[in-house]
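First up is the structure itself, then whatever we jot down about it.
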Amino acid sequence: ANAEKAPDNAYASALKQAALAREGKLDTAATTPPPADSGALPEWQQSEALNLQGRVAQTTGNLDQAVVNYQQAVALDPYNVIALSNEGAARRESGDLKGAQEVLEKAVKQSGDPAASMMLKQVVAELSAANDTRRGELIRSQIADLGARYKEMQASGAAAAVDNWSTRPLVMAFLPASGANAMTFDRAGMDQLILHELEARVQSSGKAAVVERAMLDQLLQELNLGSSELASGEVQRRLGKVLSAEAMGFVTFVRTGGDVSAYLRLVDTETTSIALQASEKVVESNPEPALASLAARVINEYAAKRELKGLIADASSDEAVLINLGTRHGVSPGTEFTVLAEGEPVEVGGRVIAHRQTPVGKISVTEAQEDYAVCKVVNRRDGAVFEKEMKIKESSK
């Protein structure tokens, strides 16, 4: 309303543009011209106005104009750290990682801004990865292979045979936020920052592996899968099998008044049922509390609660029983398993529907590698013989 009353005020006009962009009226926001003369305003207001204009330009895809606006904002107010951070985000989005690094280093040095610090860490990692030509070749090779497998599965409607007993390695894929149609955040790049940081925290927990962001983005592009296609349960199942991902995470951001909340949904790729839902209010200047809470819920309420089941791979020595579960599955030294023997068949209507499983002993992990573990026999029922292919299940904690 104040912007309507002061059409010649650059600051008020920029506020109006930003309000339109937050409502999703991007075309109107982008075509709202700023007043020609803003010299009568204090420099800090001129700086804020230019920063807001940059956000609108960036949200509508005009990255070059956004960078110009942010630079002008900082020239007027060198202490406008948000404009500096926004310039870094715009350069990152345009692929100018080196430029993004330089700008973000200034922002961090000037204020120690937590969000800018997180973004800088991510940009430095992306820059290092971009310079790793061998890694780039590997990703391209993986994309070609995964893309071919996906299309083959799509055409045949078939899935490869799997071991239905053993716990799969917990691999998760976090899908990009659904296509933005509004300027949800006041600060640029926050959606990307939060998604990448959440991935990093889940990965570093050791409880799950996360599909590499660069590979996932390129695969989705190769398969031409956007947010609307990813909403399909069949696509989720197919993509989950191709990526060997048990769960897919969807992160969306919603603005209500002056607050932005992050909504996380974990979907089981086998059943497409919702495995976990969580939401947190995001403080843009310091997203750490929201990130810590979301990551903890994924790790503690989903990853750590999975039941570990597997098979004995070799039982020739009581001191070195090999099983087909390793660190990728969540196994660590000290994990105990109950060894199960197939018992009497269970029949219904003349058909065997299952076999009773009888506990015949326990084994404990002494050494865990990525794909297997070495165990020792803790106890064994008299007369029981441990053999290859016998089922094991994690003992109650």
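The values are calculated or read from the model by the stated rules, or taken from the named source; none is laboratory data. These numbers were taken from a predicted model, which means no experiment stands behind them. Here the Cβ is made from the backbone with ideal geometry for all residues, glycine too, and neighbour counts use every protein chain on show.
Which residues, counting only those in the range 254-307, are crowded, with 16+ Cβ neighbours inside 10 Å, β-branched (Val, Ile, Thr) and not in a loop (DSSP other than H, G, I, E, B)? Answer for the range 254-307, where residues must be crowded, with 16+ Cβ neighbours inside 10 Å, β-branched (Val, Ile, Thr) and not in a loop (DSSP other than H, G, I, E, B): Val260, Val267, Val282, Val298, Ile299. Consider Val103 carefully, then state whether it is closer than 29 Å to Leu223 by Cα, free of Cβ contacts under 8 Å to residues at least 40 places away in the same chain and not in a loop (DSSP other than H, G, I, E, B). Criteria not met by Val103. A count restricted to the range 312-353 and to residues that are at pLDDT 90 or above and outside any loop (DSSP other than H, G, I, E, B) stands at 12.
State yes or no: is Glu367 assigned by TED's automatic domain parsing to the domain that holds Asp318, part of a strand (DSSP E or B) and without any contact (Cβ under 8 Å) to a residue 24 or more places away in the chain? So Glu367 fails the test. Considering Gln203, Gln221, the condition of being farther than 26 Å from Arg328 by Cα and outside any strand (DSSP E or B) is satisfied by Gln221 alone.
Name the residue that is surrounded by the fewest Cβ atoms within 10 Å (Cβ to Cβ), counting only residues in the range 74-84 that are out of contact with any helix residue (DSSP H, G or I) (no Cβ under 6 Å at 6 or more places or on another chain) and of a type outside the set (A, V, I, L, M, F, W, C). Checked the range 74-84; the qualifying residue surrounded by the fewest Cβ atoms within 10 Å (Cβ to Cβ) is Tyr79. Please specify each residue of the range 370-393 satisfying the condition of being surrounded by 13 or more Cβ atoms within 10 Å (Cβ to Cβ), over 40 Å from the mean Cα position of the chain (by Cα) and part of a strand (DSSP E or B). Scanning the range 370-393 gives a single hit, Arg380.
Look at Pro359 and say whether it is of a type outside the set (Asp, Glu), in contact (Cβ under 8 Å) with a residue 12 or more places away in the chain and not in a strand (DSSP E or B). Judged against the criteria, Pro359 is not a match.
Residues that are within 21 Å of Gly61 (Cα to Cα), hydrophobic (A, V, I, L, M, F, W, C) and buried (at least 24 other Cβ atoms within 10 Å of the Cβ) within the range 85-111 comprise Ala89, Ala90, Ala100, Val103, Leu104, listed in sequence order. Of the residues that make up the range 291-298, is at least one assigned by TED's automatic domain parsing to the domain that holds Met190, within 25 Å of Arg238 (Cα to Cα) and either at pLDDT 90 or above or under 23 Å from the mean Cα position of the chain (by Cα) (or both)? The answer is yes; a qualifying residue exists.
When the residues of the range 237-255 are filtered to those that are modelled with pLDDT of 90 or more and among the β-branched types (Val, Ile, Thr), the one that is farthest from Glu23 (Cα to Cα) is Val251. Restricting attention to the range 117-145, the residues that are within 23 Å of Leu195 (Cα to Cα) and assigned to a helix (DSSP H, G or I) add up to 20.
Summed over the range 308-364, the residues that are over 22 Å from Gly383 (Cα atoms), buried (at least 19 other Cβ atoms within 10 Å of the Cβ) and among the small types (Gly, Ala, Ser) give a count of 3.
Filtering the range 64-96 to residues that are of a type in the set (S, T, N, Q) and not in a helix (DSSP H, G or I) leaves only Asn80. Might you check whether a residue that is surrounded by 15 or more Cβ atoms within 10 Å (Cβ to Cβ) and among the hydroxyl-bearing types (Ser, Thr, Tyr) occurs anywhere in the range 179-186? Yes, the range 179-186 contains at least one residue that is surrounded by 15 or more Cβ atoms within 10 Å (Cβ to Cβ) and among the hydroxyl-bearing types (Ser, Thr, Tyr).
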